[in-house]
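To start, the structure itself, in structure tokens.
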Amino acid sequence: MQQARGELEAGGLHVVRSRDGEAGLVERSDDEVREGSDRLRREVSDQRRLLLETSNGTPPTLGGATLVRSEAGRHEYTFDATQTKIAALLEQAAGQTQVLDVETHRAPIDEVIADIYRQWQR
């Protein structure tokens, strides 16, 4: 069964739909929903975001990461943590410019769901 987005957000009753369009209700606890969300992230990929603040306006070129946006010395990248280690990205950045601040976080669940949908379409 293909799970509806709501099933990933909170416990309770959730609508699930099979690939052939049949729908049904399934009850899930908050813990089951969190575990499912974490499992989806691991199975699809481990997409992360990296935000660097540098001393100049030029974004560093980072192998294994894609520049998403850059503005006023703040540069945001996306990368797959299973393929590229954060330490390697920071080493590359430090070799090109002075790094003032760093922030990293997992991709939003909406992006994870979009990745799953794209995979199902293949």
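A few notes on this one:
- Taking the convex hull of Cα positions in the stretch 47-110, its mean projected area over all directions (nm²): 4.0
- Net charge of Cβ neighbours under 13 Å - reference Pro60; Lys, Arg +1; Asp, Glu -1: -2
Read-outs: derived from the displayed coordinates by stated rules, not from any lab. Computed from a predicted structure; not experimentally measured. Don't worry about glycine lacking a Cβ; one is built from the backbone with ideal geometry, like all the others, and counts go over all protein chains shown.
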